[in-house]
Amino acid sequence: AQSVTQPDIHITVSEGASLELRCNYSYGATPYLFWYVQSPGQGLQLLLKYFSGDTLVQGIKGFEAEFKRSQSSFNLRKPSVHWSDAAEYFCAVGEDSYDKVIFGPGTSLSVIP
Amino acid sequence: DAMVIQNPRYQVTQFGKPVTLSCSQTLNHNVMYWYQQKSSQAPKLLFHYYDKDFNNEADTPDNFQSRRPNTSFCFLDIRSPGLGDAAMYLCATSTRQGMNTEAFFGQGTRLTVV
């Protein structure tokens with residue numbers, strides 16, 4: 001069965017610092033991988049996705065993620081964090097039809113001035 | 001702009017009183033999903049429609065039902081809400097087009113049970 005782990009429940013970074021959020025998945029075949037962001041009281045917004053091809057994926061708001069099959073990881077990165085990036089971040093893995101997307105438990109990001 | 005709209009944004013219902021949450025989309029996507037998200041937890045898929053085909057998750061309680069009268073609308077019915085059903089309910093849509101598959105989420109309906 002598919003599963004997603006996000007080892008960090010909460011991360012605090014200083015504004016302008018770099019960011020890496022970790023995601024590990026368990027899935028037999030090549031997965032569809034997603035990162036979503038959720039601001040308080042809001043729905044989820046897709047940051048980026050990986051289906052195949054180049055393992056380094058660029059997303060919106062300056063985010064990128066790298067798929068590493070050998071490590072079953074899909075970590076999210078941003079070189080310089082802005083205060084508006086404070087939110088909850090969810091990694092998700094899905095089968096090719098998206099019918100069974102499993103979300104990780106989320107990482108809460110706080111940004112300090 | 002094309003989007004996924006959920007109404008209402010906030011819903012308060014009494015314990016045991018049936019409640020319906022609605023979702024509409026202008027994306028013409030053939031797949032619609034309902035997720036339940038409790039505080040500080042990941043969204044959990046309740047069920048989804050592929051066109052008119054209904055797919056229920058095995059662990060979705062019978063208390064939760066859904067209707068999709070047409071492509072644009074999907075409803076979540078909670079027949080007898082309990083205190084444990086208080087959560088954010090998220091509607092999402094997608095289209096099965098291989099590499100272009102992704103889900104678009106509405107802003108959610110926050111359900112409070114009193």
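The values are calculated or read from the model by the stated rules, or taken from the named source; none is laboratory data. As the structure is a computational prediction, the values presented were derived from the model and not from experiment. All Cβ positions, glycine included, derive from the backbone under ideal geometry; neighbour counts span all protein chains shown. Side chains included, ligands, DNA and RNA excluded: accessible areas come from the protein's heavy atoms. Shrake-Rupley method; radii C 1.70, N 1.55, O 1.52, S 1.80 Å.
The figures follow:
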| item | result |
| --- | --- |
| Among (1) under 26 Å from A:Gln45 (Cβ atoms); (2) open to solvent by less than 70 Å² (accessible area, probe 1.4 Å), the one test that B:Pro81 misses | (1) |
| Qualifying residue in the stretch B:78-93 (condition: in a strand (DSSP E or B), away from chain A (no Cβ under 14 Å) and at pLDDT 95 or above) | yes |
| Condition check for B:Gln36: away from chain A (no Cβ under 14 Å), surrounded by 13 or more Cβ atoms within 10 Å (Cβ to Cβ), in contact (Cβ under 8 Å) with a residue 12 or more places away in the chain and polar (S, T, N, Q) | no |
| Flag for B:Asn56 being farther than 29 Å from A:Thr107 by Cα and modelled with pLDDT of 90 or more | no |
| Residue list for the stretch B:39-56, filter: within 9 Å of chain A (Cβ to nearest Cβ), closer than 30 Å to A:Pro7 by Cβ and not hydrophobic (A, V, I, L, M, F, W, C) | B:Ser40, B:Gln41, B:Pro43, B:Lys44, B:His48 |
| Test result for A:Ala87, surrounded by 12 or more Cβ atoms within 10 Å (Cβ to Cβ) and more than 9 Å from chain B (Cβ to nearest Cβ) | yes |
| Options A:Pro113, A:Pro105, A:Pro79; residue that is in contact (Cβ under 8 Å) with a residue 60 or more places away in the chain, out of contact with any strand residue (DSSP E or B) (no Cβ under 6 Å at 6 or more places or on another chain) and within 12 Å of chain B (Cβ to nearest Cβ) | A:Pro105 |
| Output for the stretch B:39-49, where each listed residue is in a strand (DSSP E or B) and open to solvent by 60 Å² or more (accessible area, probe 1.4 Å) | B:Lys44 |
| Qualifying residue in the stretch B:95-113 (condition: of a type in the set (S, T, N, Q), closer than 17 Å to B:Pro8 by Cβ and either more than 13 Å from the chain's Cα centre (by Cα) or not in a strand (DSSP E or B) (or both)) | yes |
| Which listed residue is buried (at least 18 other Cβ atoms within 10 Å of the Cβ) and under 15 Å from the mean Cα position of the chain (by Cα), from B:Ser24, B:Ser72 | B:Ser24 |
| B:Phe54 being among the aromatic types (Phe, Trp, Tyr), open to solvent by less than 20 Å² (accessible area, probe 1.4 Å) and without any contact (Cβ under 8 Å) to a residue 40 or more places away in the chain | no |
